[in-house]
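Asks: Before I ask anything, here is the structure I am working with.
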Amino acid sequence: MPSQIVSLVVNGERREFIAAPGVTLLASLRESLGLTAAKRGCAQGACGTCTVLVDGRPEVACLVAVETVAGRSVRTLEGVAAGGELDEVQNAFVDCFATQCGFCTAGMIMVAEALLDRDPDPSEADVVEAISGNVCRCTGYRPIVIAILEAARRRRGAVSR
Amino acid sequence: MTYRLAPIDTSTFAAERAAAAAGRGVDGGDFTVIGSVVQRSDARGHVTGRTEFFEDVLPPRLAHLKMHRSARHHARILDVDLTEALAVPGVLRILTHADIPNNLYTPLKLIGVGPDDEPILAVDKVRYLGEPICAVVAETEAAALEGAARIRVAYEDLPPVFDVEEALKEGAPLVNEYHGQNHFIYEGHHCRRIRFGDVAEAFARADHVFEWRYQSAPIEQAPAETTGCVVVPQADGRLRIHSDTQACFFTLDNTALILNTPFNKLRIVGGTVGGGFGGKVDVVVEPVACVAAMAADRPVRFVYDRAEEMQVSSPRAAERIYIKDAVMDDGRIIGRKATLYVDAGAYARHSPYGTTKAAAHLPGPYAIPNVWADCHCVFTNRTPSSAMRGFGVTIADFALESQMDRIARALDLDPLRLRLLNAYRDGDLKAHRKVAEGTALVEVIQKAAELAGHELPEAYRRMSSTTREGL
Amino acid sequence: MAKLRGRGYASVNYPTGMNLGGDPSQALIHATTTGTFVISLSSVDLGQGIKTIAAQCAAETLGLPIENVLVDTADTDTGPHCMGTFASRGTHRVGNAVIMAAAEARGVMLEVAAEELEVDAADLETDGTGFIRLKGAQEKAIHITDLALAAHFKHGRTISGRGIYLKEPSAPVPETGEMDPDSCQAHACTAAVVEVDDETGVVEVLELYNAYEIGRALNPAMATQQVEGGAWMGVSHALFETTEPYYPSRDHGPHDFAGYLMPGPADIPVQHSLFLERPAGNGPYGAKGIGEMTANAPIPAIANAIFDACGVRLESMPFTPERVLRGLDALRDT
Ligand code: FES
Ligand code: FES
């Protein structure tokens, strides 16, 4: 099977590139488009460091063959800070000391974005469930849960203001 | 406050805290930055995805390296057939041991530990499942994997040994010929020893003798980012190595020795690593990636996949520990004998060091006047073990502190009072004959008891690391 | 069929620095003409935060705001030697080297300021906001930005410094094990509360009470990150982790995070942590190494709590449901 031209809407922009058959969304983002925020922690679908949003839903990009999402809309961490301004989730991760090595951070934030888009007022259990597919080896998770709840609070505040 | 912040107990050691701060801050005043919550300088990069990890370096014409690994625990290599692998489209080169200038190494040779005992790529024998045999360099990761899968190796199986005590028995299969026996030799001794006081006399005099056995299994560091590097040949003929090593110069020096190249031909760029926990102290990807980059004259990436990280990268060693204690009716431990076996796997890596560190840690944070320890660094046919968070200490603490609990229960004593009674204090001579200073075991026990609501009698609450009160 | 609660304790110490010493680290520092100080290192940040801690140590020593400090690491062409990030040595070794380098740079900074202000260097102080000023005379002051410019273009001086920390190597006596292994010792005590399900053998850690003596919390929020993340790893080691579940058998080794188990966000205990500070004479502002110690006490504390809960003494790690159930079976048989 020959390589083909794949087109995606990435962070709001249409991007086209040549993809070999079976190439993953993760490899396409990182190596064809130079968007390296999503990380390859396992390439087995079991760590969540590669999580991006496809049409708003979190997907482990390492398991998605890119041709199967051709034409769809993909959001990565690079697309979160609008005009260089950190959003509520990013700011909360900074303020709550929710990063150590930072390797899990991109995946955690994308999962949080999807959660808060869906439910602006998640319970702690909702947050825990949302990130339960994401491995963090450094933090013990607690600061990440706190950060996502804090982000939700801030985002609701911003809406009501 | 939105972040986790453990409070600081300022009442304990108040005078020492003040004395150490006096004159240390700005012009003798209080600290301005030290002791303050300063935001992490790397946090913004992490939350925006701009932090650059080694694998985010994507030079043009990047080639990929994948390893063909041993399918046997212990075997002679009869034949390696590369024919099919070389025919895979996109395969550029296949490296064997003959391509590595100094194929035999041991990482601690930099601090004078020998002998060299490990091949970069296997020569005539494999000593553990997953040992690297050939490195396939290809245009794409997929082609490298395909090439590695198509290498055919003919083996003649040898009997393996997996248990540390079995390995030390007469007639056990020899794991590593470079050592000549299945254990590391410490300056003529078969193990790292501690000899302090007279344990035999203590056991004879003790009201109680307790002996138990403890065992752990290998543990993977499992950093979120796997071990790897990207090697980029430079215009001036040097190699720039983007690596997630925990120790840049240690990796550089070892790599230069293996490449038989001047040290200044190499440059390591790193320092931003997705977790290490000891797993990125070994020098396992850079040397062969450098050889590949020179052979292909292109940038080369060699990064472990998660399965390699789990089963091939060096874990925390399994340990077996026997502890025998001489204890008086009142709970005082007057003698401790420990026999510790570190399962180094097939090669030494950092285990001789970790075993000495374990010996230095014995008998734990207690003032025990008679201590005897034999700490063995043993070779078996498994993945070499190496450094991990708490190297030499973590598993010993599991054994030592389980032992303390069992003694307390056997004598029907409060487990914290037993510890306070035996805790080391300033001025105590440790088993390795260094005088203890700056001790604080008594105080952390008292504070943990307070936190957890565990009542201690007044006499125990008044104990201190700086006095003998209550002893 | 019950959930049995128990409580267990453990207390530990942990050495700072490469065992037996002989593990130097260097730091170089220089001021740019804008008054920003660049610390050059080859030290590695694994997430523990050495980049931030190095900047804090330099800012404190220089008497300048932390915004005036940049850390450049790790490039072996530009950064001086560092032995590496392991053995709870980074903060201690690198912190000390940075303090030494910054102290030398501060000395030059004050000398040049003395020339500029035409006063005696010994009468100068830094105010922590960027000014070097005459003690007792607020108006006689110069900002580091102006000073750094003057040092270069007017006085021909580099405001720079060199630092190194080396604990001299110790060789153990082979017969007795006499040695000087460490620079100092940090301490920790854990009380763990667990619940054991006697039907499934599953152990849940409900609470961890941890007291840590760490010399000095250079950055209390980051110290909290280290100890709480480390205690999580201790729980993980205790209950789940191994690459060889039936050691010494080599079979059934996991190859992925689906098989290599760790506590997820739903499985974590409540952590109550407290710091004590007994400053180490040889530590940077008294700090000891704490990165490794924090995983250690929870493991035996959990083992001891399991015994307290159900009478099963687990001598092998990890404390899997299978091992707990086999222990319970053995108790019933006797
Ligand atoms: S890299 Fe995709 S889930 Fe781990
Ligand atoms: S911060 Fe390191 S893996 Fe989460």
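Asks: Assuming R0 = 30 Å, what is the FRET efficiency of C:Glu118 and B:Gln39, from their Cβ-Cβ distance, to the nearest 0.05?
Replies: Efficiency for this residue pair is about 0.20.
Asks: In percent, what relative contact order does region B:366-471 have, based on Cα pairs under 8 Å that are 6 or more apart in sequence?
Replies: Computed value for region B:366-471: 25 percent relative contact order.
Asks: For a label point 7 angstrom out from the Cα of B:Ile111 toward its Cβ, which stretches of region C:19-48 have the backbone nitrogen within less than 11 Å?
Replies: Hits in region C:19-48 for B:Ile111 at 11 Å: C:19-24.
Asks: Any idea how far apart C:Met1 and A:Met1 come out in nm if each label point goes 7 Å out from Cα toward Cβ?
Replies: Roughly 5.0 nm, to one decimal.
Asks: Okay, next question. If you roll a 1.4 angstrom probe over the protein chains with everything in place, what fraction of the accessible area of chain B belongs to carbon and sulfur, to the nearest %?
Replies: In chain B, the share of accessible area belonging to carbon and sulfur is 51 percent.
Asks: Separate question: Return the long-range amide H neighbours of B:Lys125 (sequence gap of 5 or more, or a different chain), with a cut-off of under 5 Å between placed amide H atoms.
Replies: B:Ile77
Asks: Could you compute Rg(Cα) / (2.2 N^0.38 Å) for the protein assembly as shown, with N its residue count?
Replies: Here the answer is 0.93, to two decimals.
Asks: Could you pull out every residue, at least 5 positions away or on a different chain, whose amide H is within less than 5 Å of the one on C:Leu4? Hs are placed 1.01 Å off N in the peptide plane, and Pro or chain starts have none.
Replies: Those lying under 5 Å, H to H, from C:Leu4 are C:Val196, C:Asp197, C:Asp198.
Asks: Further question: Suppose every Lys and Arg Cβ carries +1 and every Asp and Glu Cβ carries -1, with no other charges. What dipole size does chain B come out with about its Cα centre, to the nearest 20 debye?
Replies: 580
Asks: With a 1.4 Å probe on protein heavy atoms only, work out how much accessible surface A and B bury together, total over both chains, in Å² to the nearest 100. Each step should come with its number before you reach the end.
Replies: On the way: alone 8250 and 22240 Å², together 27650 Å².
The A and B chains share an interface burying roughly 2800 Å².
Asks: Here's something else I'd like to know. Short version: ³J(HN,Hα) in whole Hz for each residue of region B:88-101, in order, from phi by Karplus 6.51 cos²θ - 1.76 cosθ + 1.60 (θ = phi - 60°), x for Gly and Pro, what are they?
Replies: 5, x, x, 6, 9, 8, 10, 8, 10, 3, 5, 7, 9, x
Asks: What does the charge count around C:Leu147 come to, taking other residues whose C-beta lies under 15 Å from its C-beta (Lys +1, Arg +1, Asp -1, Glu -1)?
Replies: -2
Asks: Using a 10 angstrom cutoff on alpha carbons, build the Gaussian network for chain C and name the most mobile of C:Leu166, C:Leu46, C:Leu70.
Replies: C:Leu46
Asks: Could I ask something else about it? Give the range of the longest stretch in chain C that excludes all trypsin sites (Lys or Arg not before Pro) found in loop regions by DSSP and having at most 12 other beta-carbon atoms within 10 Å.
Replies: C:155-334
Asks: Here's a follow-up. Send over a whole-number figure in Å² for the accessible area per residue of region B:221-305, probe 1.4 Å.
Replies: Value for region B:221-305: 22 Å² per residue.
Asks: Further, regarding this structure: Before anything else, pin down the relative contact order of region A:88-156: Cα pairs under 8 Å, at least 6 apart, normalised by residue count, whole percent.
Replies: 53
Asks: For region A:101-129, list whatever residues lose no less than 40 Å² of accessible surface once every protein chain is in place, relative to that chain by itself, with the probe at 1.4 Å.
Replies: A:Cys101, A:Phe103, A:Val128
Asks: Let a ≥ b ≥ c be the square roots of the eigenvalues of the Cα gyration tensor of chain B; is it rounded (a/c under 1.5), or, if not, prolate (a/b larger than b/c) or oblate?
Replies: oblate
Asks: Quick one: if you stick a label point 7 Å off each Cα along the C-beta vector at C:Thr32 and A:Glu124, how many nm between them?
Replies: So the label points at C:Thr32 and A:Glu124 sit 4.5 nm apart.
Asks: Provide the FRET efficiency to the nearest 0.05 for the C:Ala137-B:Arg152 pair, computing r from the beta carbons and using R0 = 56 Å.
Replies: 0.10
Asks: I'd like the carbon and sulfur percentage of the solvent accessible area for region A:86-161, probe radius 1.4 Å, heavy atoms only, ligands and nucleic acids excluded. Intermediate values should be presented prior to the final figure.
Replies: Numbers: 1210 of 2500 Å².
Carbon with sulfur: 48 percent of the solvent-accessible area.
Asks: Something else: Please list, in chain and number order, the residues 5+ apart from B:Arg336 or on another chain whose amide H is under 5 Å from its amide H, with Hs placed from the backbone.
Replies: HN-HN under 5 Å from B:Arg336: B:Ala326, B:Asn370, B:Val371, B:Trp372.
Asks: Taking +1 at the Cβ of each Lys and Arg and -1 at the Cβ of each Asp and Glu, which of B:His189, C:Gly8, B:Gln234 sits farthest along the dipole of the protein assembly as shown towards its positive end, judged by Cα position relative to the Cα centre?
Replies: B:Gln234
Asks: With a 1.4 Å probe and every protein chain left in place, work out the accessible area per residue of region C:207-334 in Å², rounded to a whole number.
Replies: Per-residue value: 27 Å².
Asks: Now for a different question. Going 7 Å from the Cα of B:Val435 in the Cα-to-Cβ direction, what parts of region C:179-210 have a backbone nitrogen less than 17 Å from that spot?
Replies: Flagged as within label range: C:179-185.
Asks: Given the Cα-Cα distance of A:Ala20 and A:Leu86 and 0.36 nm per residue of separation, how much length would full extension add, in nm?
Replies: Full-extension gain reported as 20.3 nm.
Asks: How large is the dipole of the protein assembly as shown about the Cα centre if only Lys and Arg carry +1 and Asp and Glu carry -1, each at its Cβ, rounded to the nearest 20 debye?
Replies: In total the dipole reaches around 480 debye.
Asks: Using only the Cα atoms of region B:211-311, build the gyration tensor, take square roots of its eigenvalues as a ≥ b ≥ c, and label the shape rounded, prolate or oblate: rounded if a/c is under 1.5, else prolate if a/b is larger than b/c, else oblate.
Replies: On the way: a/c = 2.50, a/b = 2.08, b/c = 1.20.
Judged from the Cα gyration tensor, region B:211-311 comes out prolate (a/c at least 1.5, a/b above b/c).
Asks: Right, next: Using each residue's phi in region C:229-242, evaluate 6.51 cos²θ - 1.76 cosθ + 1.60 at θ = phi - 60° and report the 3J(HN,Hα) Karplus result to the nearest Hz, with x for Gly and Pro.
Replies: Couplings: x, x, 5, 4, 5, x, 4, 5, 4, 4, 9, 10, 7, 5 Hz.
Asks: Can I ask one more? Quickly work out the A:Ser132-to-C:Asp72 label distance, labels modelled 7 Å from Cα along the C-beta direction, and quote it in nm with one decimal.
Replies: With each label point 7 Å from Cα toward Cβ, the separation is 4.9 nm.
Asks: Keeping every protein chain present and rolling a 1.4 Å probe, give me the accessible area per residue for region A:41-161 in Å².
Replies: 35
Asks: Something else now. How much length is gained on full extension from B:Glu16 to B:Glu166, taking 0.36 nm per residue of separation minus their Cα-Cα distance?
Replies: 48.9 nm
Asks: When Cβ neighbours within 10 Å are restricted to other protein chains, what is their mean count per residue of peptide C:278-286?
Replies: Mean number of neighbouring Cβ atoms from other chains: 6.
Asks: Taking 0.36 nm per residue of separation and subtracting the Cα-Cα distance, what length does fully extending C:Ser249 through C:Val270 add?
Replies: Here the segment from C:Ser249 to C:Val270 would lengthen by 4.0 nm.
Asks: Follow-up. Given C:Gly35, C:Ser25, C:Ala54, which one lies farthest toward the positive end of the charge dipole of region C:18-165, if we put +1 on the Cβ of every Lys and Arg and -1 on the Cβ of every Asp and Glu?
Replies: C:Ser25
Asks: I'd like the mean, over residues of B:102-112, of how many other protein chain beta carbons sit within 10 Å of each residue's own Cβ. All intermediate terms of the calculation are to be shown ahead of the outcome.
Replies: On the way: counts 0, 0, 0, 0, 0, 0, 0, 0, 1, 6, 3.
Whole-number average of other-chain Cβ neighbours for B:102-112 is 1.
Asks: Could I ask something else about it? I need the phi-derived Karplus couplings for region B:244-250: 6.51 cos²θ - 1.76 cosθ + 1.60, θ = phi - 60°, integer Hz, Gly and Pro marked x.
Replies: Using θ = phi - 60°, the values come out as 9, 4, 7, 8, 4, 6, 4 Hz.
Asks: Further, regarding this structure: Helix B:286-296: angle to the longest alpha-carbon principal axis of chain B, degrees 0 to 90, nearest 10?
Replies: In chain B, helix B:286-296 runs at an angle near 10 degrees to the longest axis.
Asks: What is the local net charge at B:Val164, summed over the other residues whose Cβ is closer than 9 Å to its Cβ (Lys, Arg +1; Asp, Glu -1)?
Replies: Details: positive: B:Arg320; negative: B:Asp163, B:Glu165, B:Glu166, B:Glu319, B:Asp343.
Spelling it out: positives minus negatives among the neighbours equals -4.
Asks: Which value, in debye to the nearest 20, describes the size of the charge dipole of chain C about its Cα centre when Lys and Arg Cβ atoms bear +1, Asp and Glu Cβ atoms bear -1, and nothing else is charged?
Replies: 280
Asks: Please give the total accessible area that chains C and B bury against each other, computed with a 1.4 Å probe and expressed in Å² to the nearest 100.
Replies: Values: alone 16570 and 22240 Å², together 28250 Å².
For chain C against chain B, roughly 10600 Å² becomes buried.
Asks: Could I ask something else about it? Computed FRET efficiency, Cβ-Cβ of B:Glu177 and B:Asn260, R0 25 Å: what is it to the nearest 0.05?
Replies: Approximately 0.65, to the nearest 0.05.
Asks: Around B:Asp117, under 14 Å between beta carbons, what's the net of Lys plus Arg minus Asp minus Glu among the other residues?
Replies: -1
Asks: Which order do the peptides C:232-242, A:101-111, A:29-39, A:53-63 come out in when sorted by mean C-beta neighbours inside 10 angstrom, highest first?
Replies: On the way: C:232-242: 26.5, A:101-111: 29.4, A:29-39: 21.2, A:53-63: 18.9.
Top to bottom by mean Cβ count within 10 Å: A:101-111, C:232-242, A:29-39, A:53-63.
The values are calculated or read from the model by the stated rules, or taken from the named source; none is laboratory data. Predicted model only: the values in this text are computed from it and were never measured. Positions of Cβ are generated from backbone atoms using ideal geometry, with glycine treated the same way; all protein chains shown enter the neighbour counts. SASA here: full protein model, heavy atoms, side chains in, ligands and nucleic acids out. Shrake-Rupley method; radii C 1.70, N 1.55, O 1.52, S 1.80 Å.
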